[in-house]
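Down below is the structure, laid out as structure tokens.
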Amino acid sequence: MDIDVNDSTPPAPEEYPDVDGEPPAWAEDRTPLGDAIPWFRKFQGGMHTKEGILYGLLISGDAGVRSYIDDEIIITRTGGSSERDAEGKLSQVADQKDDTAISRSVNNSMKFNIAVGVVIGKKNKILKRKLPHAFNVMDYFRVAYVWHERIDGFIAVRFRLEKLELEEKSWWAEKGSPAPPRTARRKWVKPIEHICGACAQTYYRIYMQGWMCLNTSCSQFWKLPDGNDPPVELDYDPKWLDWRHDPSDEVQPHYSLVPDFMSVIDDSDPNSTYSRTSWKNGIVCPSCKQCLSRRFWDGWRCDESCGFKRVLNMQTISLRAVVDDYEVAPIRRAIVFDPGPKETALIEPEIDDVYSHPYRRLVFDLPGAGTVTHFVTNREINAKPNGPNDLFIQLQQANLGLRRYPLSQAGMPYGFVVAVDSLPFSEACDPILRVMGRLTWATHEATDKQGVTALIPNELLALGYFEDMAINYHDDGEDTLGPTIASLSLGAMAHKSLRMKYKYYNGFTKGSKKLVHDDPVLEGCANRDWRLDLKQKLDNNELDWPAYEAEWWRTYKANKSGAAREAPPCIKTQLHHGDLVVMHGDGVQKYYEHQVELEKGGGAKLRYALTARHVLPAKIEPGQWPKGQFQLTKDQDYKGT
Ligand SMILES: O=C(O)CCC(=O)C(=O)O
């Protein structure tokens, strides 16, 4: 059934008719959609293009004026050069040129006969059908025509998609509507063509109101035959809508609309279960067709109502398989902080081989913020019974219930994790308590020398990393937490970087460019000299806030050389198997942020990071307090050897 886009009283979405079938794959979220559907591996935006080819398209919300969808045809526009108003209505704000990457990709998919997969979002109001899910895979389409129009006074690129499979009724057809005519009985009509009298180019007639030249450099571009501009609302010519390519003029899909990733998983190969392909690829539930990300450590699980699961045989992998270098690592770490010509921002740590022997102790001082203490382990420490080597194996064998974001937690509930996910230490397994012993030791060891009585950790967060996984820049600054955070690394090597937050580095916020109140003007920030000077004047009441602001921006502009940027890292460390790191001081989380990335290549397929914090009891429900209490046996207690 065709849809009248000019319907002046459109039905409310809940009154739209039902669809006739079920999508071959669907998702309620973009992440699983992108994980499971490789031709739409796109987590923002509506078009998946790669190397100049359009492979996938999302039709959602308002695709702009004269958008059209029926059971076999989609007419839409390329994105870009447009903005949404407060009601979400899309308006063109600049000319769209044919030489943009998106336009070229659409044209190339037409030229090279590429099948384009299409997903329709529930918010779409053009189809006017009750769509079952937030995102629904439609089918393969071909790009049948690409042309230019004028929208909101600007040139826009539009294109027409035609469904490849014409023999079968589309699942999104109105429930109970008649089946489409058999292809053998179809008349392969073509739209009316016309040659422009001014530029001699030939174009199809698209609208009932009259043929228009579609050549943007012609004087008659987008003019009706009487020379006038067309109205905004136009009616599609039935011949243009009925036009179909003869199926003999084939466009072959060279990829699956719904891939069967499960069939290529080999559980007998431990590498495949920890590899990037295994965690990055989602699957489509064979039972209910929902796209599923790999959210679970050991595989994919569908909603409880469906019950489908594909659990992997997670074989224990040896340390040898993930650790490239047991011996030379401590020396290499010493090289990372040696500032190269481009890395003058790197802080040189104080090195101490005595205080925490047999660990090498590196202390990075962040003036006005706190310290980062890195306890560098060695082969001897790691190999002790129940030490890091054993813990790496024991944690793989324990069921930690790890999940992607957040993974696992034991002890007092930490802000990012809902309380129900937090296990009390009384239920924690032996390796977790041994880890707590080590992290409690590291907490004291890092702070005692500074004359600080540290708050004993009462919460443990376990993170697991597979190949190529990373945690981007973030801070751990929750107001429910004490100022000390200790972590133990097990398994593959990772790179940790710490940098000043944008607003403290530059003195203003990124988006709204608001000056920082109580600017600490930290060592290493941009423009420190004049910022310190102005801050002193503000503190001494020589300037009030408006005068300070005016003077600040005036000086900034006068000294500006290039755009404001993120701070370069001031600490770069390699976190090797068995290393411990303690961040101490509220300012470390307030003014700085850190990221951790697994070493690329070299078999770095599995790493654990176990992080202990002190959750302030006053900030949480008393009923949760017992969760954080633990008693270590003599064996679980750690004395630093
Ligand atoms: O992976 C790590 O070593 C630390 C992870 C981290 O940044 C965090 O837990 O906040």
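The values are calculated or read from the model by the stated rules, or taken from the named source; none is laboratory data. As the structure is a prediction and not an experimental result, all values here were calculated from the model. Because the Cβ atoms are built from the backbone with ideal geometry, glycine has one as well, and the counts that use them run over all protein chains shown. Accessible surface is based on the protein model in full, side chains and every heavy atom, while ligands, DNA and RNA are left aside. Shrake-Rupley method; radii C 1.70, N 1.55, O 1.52, S 1.80 Å.
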Next on the checklist: For segment 596-641: of the residues being of a type in the set (D, E) and part of a loop (DSSP other than H, G, I, E, B), which is modelled with the highest pLDDT?
Outcome noted: D637
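Under the condition of being polar (S, T, N, Q) and within 12 Å of the ligand (Cβ to nearest atom), which residue from segment 558-584 is farthest from S489 (Cα to Cα)? If you could, list the steps in order and put the result at the bottom.
Filtering segment 558-584 down to residues polar (S, T, N, Q) leaves 559, 561, 573-574.
Among the residues that remain, those that are also within 12 Å of the ligand (Cβ to nearest atom) are: 573-574.
On the way: T573: 12, Q574: 10 Å.
Within segment 558-584, the match that is farthest from S489 (Cα to Cα) is T573.
Within segment 1-84, considering only strands (runs of 3 or more DSSP E) that don't extend past its boundaries, which have at least 3 residues that are at pLDDT 80 or above and open to solvent by less than 10 Å² (accessible area, probe 1.4 Å)? Please lay out each step first, then the result.
Details: elements: 47-50, 53-59, 73-77, 82-84.
Output list reads 53-59, 73-77.
On the given criteria, is W222 in contact (Cβ under 8 Å) with a residue 24 or more places away in the chain and open to solvent by 70 Å² or more (accessible area, probe 1.4 Å)? I'd like the intermediate steps shown before the answer.
Values: in contact (Cβ under 8 Å) with a residue 24 or more places away in the chain: yes; open to solvent by 70 Å² or more (accessible area, probe 1.4 Å): no.
Criteria not met by W222.
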Next on the checklist: Of everything in segment 271-282, what is open to solvent by less than 30 Å² (accessible area, probe 1.4 Å), in a helix (DSSP H, G or I), out of contact with any helix residue (DSSP H, G or I) (no Cβ under 7 Å at 6 or more places or on another chain) and in contact (Cβ under 8 Å) with a residue 60 or more places away in the chain? Give them in sequence order.
Outcome noted: Y274, W279
Checklist entry - Counting just the residues of segment 590-641 that are within 16 Å of the ligand (Cβ to nearest atom) and acidic (D, E), which one comes out least open to solvent (accessible area, probe 1.4 Å)? => result E593
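Listed here are the residues, each with its yes/no results for (1) in contact (Cβ under 8 Å) with a residue 60 or more places away in the chain; (2) touching a helix residue (DSSP H, G or I) at 6+ places or on another chain (Cβ under 7 Å); (3) not assigned by TED's automatic domain parsing to the domain that holds D544.
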| residue | (1), (2), (3) |
| --- | --- |
| T484 | yes, yes, yes |
| S489 | yes, no, yes |
| G507 | no, yes, no |
| V516 | no, yes, no |
| V521 | no, yes, no |
| G524 | yes, no, no |
Next on the checklist: I need the full set of residues from segment 283-306 which are open to solvent by 50 Å² or more (accessible area, probe 1.4 Å) and part of a loop (DSSP other than H, G, I, E, B), in order please.
Outcome noted: P286, S287, K289, R295, D303, E304, S305
Next on the checklist: Tell me yes or no: at least one residue of segment 477-489 is within 11 Å of the ligand (Cβ to nearest atom), touching a Lys or Arg at 6+ places or on another chain (Cβ under 6 Å), at pLDDT below 90 and closer than 20 Å to C570 by Cβ.
Outcome noted: yes
Checklist entry - Looking at (1) within 14 Å of the ligand (Cβ to nearest atom); (2) surrounded by fewer than 19 Cβ atoms within 10 Å (Cβ to Cβ); (3) under 19 Å from H614 (Cβ atoms), which is the only condition Y473 fails? => result (3)
Next on the checklist: Give me the residue from segment 347-368 that is more than 19 Å from G585 (Cβ to Cβ) and of a type in the set (A, V, I, L, M) and, out of that set, modelled with the highest pLDDT.
Outcome noted: V354
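Please indicate, with yes or no, whether at least one residue in segment 577-595 is within 17 Å of F425 (Cα to Cα) and either assigned to a strand (DSSP E or B) or more than 24 Å from the chain's Cα centre (by Cα) (or both).
Here is the first cut: in segment 577-595, the residues within 17 Å of F425 (Cα to Cα) are none.
No.
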Next on the checklist: When you check D529 against the structure, is it open to solvent by less than 40 Å² (accessible area, probe 1.4 Å), away from the ligand (no atom under 16 Å from the Cβ) and among the acidic types (D, E), yes or no?
Outcome noted: no
